[in-house]
Amino acid sequence: MAAQTINSAPDAAGLAALISRASEQTGDGKRGLPPVERWNPPFCGDIDMEIRADGTWFYMGTPIGRAPLVRLFSTVLRRDEDGRTYLVTPVEKVGIRVVDAPFLAVEMQVTQREGRPVLTFRTNVGDVVEAGAEHPLRFEISGENRELKPYVLVRGRLEALVSRAVMYDLVELGEAIVIDGVSMFSVRSGTEVFPVMPEAELDALSQ
């Protein structure tokens with residue numbers, strides 16, 4: 001990394017090679033995800049990389065079409081307390097742009113455990129997470145059209161936006177549950193309950 005930095009990588013493939021070599025310097029091997037939360041490298045500026053709202057990654061204005069490259073980049077993402085998202089290696093931290101969420105939840109499986117539904121999501125970069133206390137769901141109402149946008153926490157502070165197709169399936173699982181004296185339209189996963197919105201507000205939106 002001394003001869004070339006992430007900032008100076010000429011293309012997405014070169015950038016991926018640099019990240020791969022840098023990540024292997026930790027001695028943790030190639031199993032699992034790199035321990036980005038434990039790394040504390042210096043900030044080296046921003047790079048021209050953007051994750052669009054539909055989950056497409058761009059580098060220097062060009063879509064990154066190769067899924068293995070996107071997967072590699074996703075393993076060294078970190079969202080810090082400043083609200084920004086970075087690519088992090090043991091020796092460098094560079095800022096990137098994220099339009100909405102860094103990941104997109106593209107599939108949901110519903111299983112049963114002890115009589116309760118359990119929701120498991122797969123992201124566009126291959127992460128599989130079970131909604132629950134460690135991977136909570138949250139819901140926002142966004143835009144002039146008051147669009148419902150669900151998110152699931154994947155790791156660290158990184159979330160996946162639930163795709164529209166999956167969102168419809170998710171909403172179908174909703175039910176009215178009284179929380180703190182208020183009837184809330186909510187979704188269950190395992191022992192956890194995730195409120196979407198007050199039932200009265202849902203009725204108003206559906207009119």
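Do you know which of the residues in the range 147-175 that are in a loop (DSSP other than H, G, I, E, B) and closer than 30 Å to Pro35 by Cα is least open to solvent (accessible area, probe 1.4 Å)? Quick ask: steps written out before the conclusion?
Our first condition is that a residue be in a loop (DSSP other than H, G, I, E, B); within the range 147-175, this holds for 156-157, 163, 173-174.
Narrowing further to those that are closer than 30 Å to Pro35 by Cα: 156-157, 163.
On the way: Gly156: 49, Arg157: 100, Ser163: 23 Å².
Once the filter is applied, the top-ranked residue is Ser163.
Checking Val125 against (1) modelled with pLDDT of 95 or more; (2) among the hydrophobic types (A, V, I, L, M, F, W, C); (3) under 15 Å from Leu104 (Cβ atoms), which test does it fail?
For Val125, the failing item is (1).
Taking the range 62-97 only, how many residues are β-branched (Val, Ile, Thr) and surrounded by fewer than 18 Cβ atoms within 10 Å (Cβ to Cβ)?
Residues in the range 62-97 being β-branched (Val, Ile, Thr) and surrounded by fewer than 18 Cβ atoms within 10 Å (Cβ to Cβ): 2 in total.
Can you find a residue that is surrounded by 21 or more Cβ atoms within 10 Å (Cβ to Cβ) and part of a loop (DSSP other than H, G, I, E, B) anywhere in the range 115-124?
Within the range 115-124, one or more residues are surrounded by 21 or more Cβ atoms within 10 Å (Cβ to Cβ) and part of a loop (DSSP other than H, G, I, E, B).
Please go through the range 153-185 and give me each residue that is hydroxyl-bearing (Ser, Thr, Tyr) and modelled with pLDDT of 95 or more, ordered by number. First the steps, then the outcome.
Residues of the range 153-185 that are hydroxyl-bearing (Ser, Thr, Tyr), as a first pass: 163, 168, 183.
Selection gives Ser163 alone.
What are the pairs, 6+ residues apart or on separate chains, where a residue within the range 39-54 that is farther than 13 Å from Val98 by Cβ and surrounded by 12 or more Cβ atoms within 10 Å (Cβ to Cβ) has its Cβ under 7 Å from a residue that is charged (D, E, K, R) and modelled with pLDDT under 95?
Pairs found: Pro41/Glu92; Pro41/Lys93; Phe43/Lys93; Cys44/Glu92; Cys44/Lys93.
Have a look at Glu140, Glu134, Glu107, Glu144 and point out the one that is in a loop (DSSP other than H, G, I, E, B), open to solvent by 60 Å² or more (accessible area, probe 1.4 Å), within 30 Å of Arg71 (Cα to Cα) and free of Cβ contacts under 8 Å to residues at least 60 places away in the same chain.
Glu134
The values are calculated or read from the model by the stated rules, or taken from the named source; none is laboratory data. Only a predicted model underlies this, so the values are computations on that prediction, with no experimental measurement involved. For neighbour counting, all protein chains shown are included, and Cβ atoms are generated from backbone atoms with ideal geometry for every residue, glycine included. With ligands, DNA and RNA removed, areas are computed over all heavy atoms of the protein, side chains included. Shrake-Rupley method; radii C 1.70, N 1.55, O 1.52, S 1.80 Å.
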